[in-house]
1. Rounded, prolate or oblate for region 211-287? Axes are the square roots of the Cα gyration tensor eigenvalues, ordered a ≥ b ≥ c, and the cut-off for rounded is a/c under 1.5.
2. Counting pairs of alpha carbon atoms under 8 Å apart in space and at least six apart in sequence, what relative contact order in percent does region 130-197 give?
3. Kindly sort Glu637, Glu349 by accessible area of their heavy atoms, largest first, with the probe set to 1.4 Å.
4. Just want to confirm a number: the relative contact order over the chain, from Cα pairs under 8 angstrom separated by 6+ residues, in percent.
5. Under a point spin-label approximation (7 Å from Cα along Cα-to-Cβ), what is the Asp381-Ser252 distance to one decimal in nm?
6. What FRET efficiency comes out for the pair Ser262/Thr296, r = Cβ-Cβ distance, R0 = 51 Å, nearest 0.05?
7. When the chain is fully extended, how far beyond the present Cα-Cα distance does Leu467 get from Ile214, taking 0.36 nm per residue of separation?
8. Quick one: order Glu265, Glu85 from most to least accessible surface, probe 1.4 Å.
Amino acid sequence: MRKSPFRLNLRQKIVLPFLTVFLGVFILCLFMVGHWFTENLEQSLYQKVASFAERIHQDLKHEQEHLEILANLIVEREAITSAVEQQDKQKLLQILLPLKTILGLDWIKVVDTKGNILLDARKAELIQAKLLDRAIINSAINGAGFTDFIDVEESQKVLQVVIHPIKSSTKLLGGIIIGHLLNDQLLQKIVIGSSKEIIATQKGRIVAATLPKITHLKWQPPSPNLSNTIKVVINQQQYLAKSVFLEAASQSVTITVIYPISELETTKILLWLRLVFLFLLGGTFVTIVGFIVAQTITRPLYAVTNIAKQVTKDSNFDLQAPIITQDEVGILATSLNQLIQQVKQLLLEQYQAKVKLEAYSQTLEQKVKERTEEIQQKNIDLKQTLKELKQTQLQLIQTEKMSSLGQLVAGVAHEINNPVTFIYGNLEYAEQYIQDILNLIQLYQQHYPHPHPHIQKVIEEVDLEYLIEDLPKILISMQVGAERIHQIVLSLRIFSRLDEAEFKAANIHDGIDSTLLILQHRLKAQTHRPEIQVIKEYCELPQIYCFVGQLNQVFMNILANAIDALDEAWENGLSPHPFIRISSEYNNENIIIRVADNGIGIPKELQQRLFDPFFTTKPIGKGTGLGLSISYQIVTEKHGGLLECISSTGKGTEFVITLPNSRTKPFKV
């Protein structure tokens with residue numbers, strides 16, 4: 001047989017396939033990792049620009065609302081109303097000029113119903129400017145109130161203004177206009193601390209920007225109606241851009257957030273360079289290690305092979321292969337030596353060896369079978385022991401945690417309840433005493449209509465009529481606040497039954513309501529999402545025998561998970577109107593509680609593991625994986641009920657709790 005010139009030796013046969021497979025897999029993994037990182041980096045930047053645009057939009061809307069509040073506070077001052085009614089320009093100047101400086105306003109203008117300008121106070125840079133405010137002044141004369149933008153003639157400046165009517169108790173007196181410039185300084189204050197830039201445009205012209213030297217450019221921003229972030233070019237440089245509308249009564253301003261793409265491209269290049277360097281370094285290391293390993297493996301094999309060749313060639317069965325290792329190669333050398341020693345007697349002992357081999361095979365099969373059965377039984381016992389240990393651990397954690405939480409909540413409720421009871425109990429007497437004093441003052445006013453001048457001065461300084469009108473309202477608000485605290489304390493006391501081990505009759509609705517009250521701070525509107533609406537669809541339920549505190553913990557775990565799911569759904573744009581629906585059903589045998597949300601839902605492949613101990617889909621540090629597992633044990637083992645999850649991705653999740661109503665004793669496992 002002709003030998004191939006490319007025939008590989010044993011060392012090469014070991015190294016080359018290993019290197020080929022490893023380097024191929026390594027290259028593929030590096031390419032996938034690099035592609036994944038670059039895609040995620042780009043998508044992350046797109047999302048960050050869109051989120052930042054929405055934040056800027058909210059900040060500017062807050063600026064509008066802040067202006068409306070300032071205008072409302074100014075016109076509610078009695079001194080302003082009086083000055084406008086008396087046409088007292090000097091008094092208006094004395095009152096509003098300090099307010100303009102304190103509140104940081106760029107323009108304040110007051111007109112009466114005839115169109116007369118009673119005050120026009122402007123920032124220094126606007127004194128000589130002509131404001132296109134005719135339509136707004138007409139609206140103010142007619143008693144209108146809204147937010148708008150006005151232009152400065154022959155200038156790129158834009159004023160954001162609020163118009164508010166000035167009224168007396170009987171008629172319209174005029175209107176006030178306040179505003180501030182939508183300029184670079186305002187945008188810099190909003191974007192401070194961020195690497196992104198903002199451009200404000202109106203009617204195809206740039207009115208303000210944080211990017212220097214672009215206000216003279218004619219630039220058309222991307223449409224705010226586009227849902228995705230897009231790429232734009234400004235001054236021959238590419239940016240990621242997202243636009244939003246800042247709307248007002250008659251005009252609107254387009255706010256565009258931009259982020260330079262050059263930083264993204266630089267990051268991508270550096271990432272790929274690092275991956276190439278990692279590939280070269282890893283490939284070199286693996287090649288060196290592969291050759292060392294191959295040489296270590298093949299050296300003793302070559303020695304054994306040479307002895308085998310020499311024995312076959314010379315028929316010299318006195319030769320022995322050197323045993324230099326205790327691994328598989330050493331075993332091979334030992335076997336070869338034994339073969340050399342036994343080959344002379346092989347033909348004579350063939351029959352006896354065959355009989356012995358068959359007997360040994362039967363014995364070995366029986367031992368293997370027995371050993372396999374023993375191992376399988378031990379595995380079953382170990383699995384059962386592990387399951388019992390996990391359940392015991394969960395019960396110990398739950399018992400200690402709930403006991404501590406119950407004691408803490410009960411203590412806090414008790415400490416708050418004492419002072420609140422004292423305040424609430426004395427409010428009735430305080431109201432009676434104050435009413436007696438007010439009646440006495442009214443009697444004095446009836447019998448002494450012309451008091452001493454000093455008394456009259458004090459009455460005017462303290463605004464006695466306002467005090468008499470507002471004091472009962474203050475008492476009413478104090479009563480409402482005390483009653484609110486009393487309800488919170490009652491809910492805390494209901495929820496503090498967490499460590500109660502008594503199996504007794506209770507109202508399920510009370511436990512749900514107390515849990516909702518404790519979670520109220522999470523249900524309210526947050527900076528990142530609107531308020532979560534809670535829809536209660538209760539039916540008439542009888543009291544059932546149950547472990548009250550443990551059922552409260554089940555409601556707490558399920559409702560807290562629903563709130564987390566709605567937070568994530570809002571961030572992903574899947575739930576514009578988040579809600580939680582809680583309903584109850586009753587038949588002669590069971591009470592059914594349903595808790596549903598319109599969050600992100602749970603994939604089918606995860607629902608089977610949902611009630612396993614320590615299984616969680618939340619980020620590290622945010623979930624322990626114990627809540628639903630403990631809830632499942634409480635409902636099924638403690639109460640003999642059912643806890644089911646009905647969900648589909650993107651359509652929300654519903655948990656169904658079924659509790660039996662036919663028992664008066666606790667369920668025994």
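1. prolate
2. Details: 103 pairs, mean separation 17.6, N = 68.
Over region 130-197, the number comes to 26 percent.
3. So, going from the largest accessible area down, we get Glu349, Glu637.
4. On the way: 870 pairs, mean separation 50.3, N = 669.
Once normalised by length, the contact order is 8 percent.
5. 7.6 nm
6. Efficiency for this residue pair is about 0.50.
7. Extra length from Leu467 to Ile214 when fully extended: 85.4 nm.
8. Values: Glu265 80, Glu85 100 Å².
The most accessible residue leads, giving Glu85, Glu265.
The values are calculated or read from the model by the stated rules, or taken from the named source; none is laboratory data. All values reported here derive from a predicted model rather than from experimental measurement. No Cβ is skipped: glycine too gets one built from the backbone with ideal geometry, and neighbour counts run over all protein chains shown. Remember, those area values only see protein heavy atoms, side chains included, never the ligands or the DNA or RNA. Shrake-Rupley method; radii C 1.70, N 1.55, O 1.52, S 1.80 Å.
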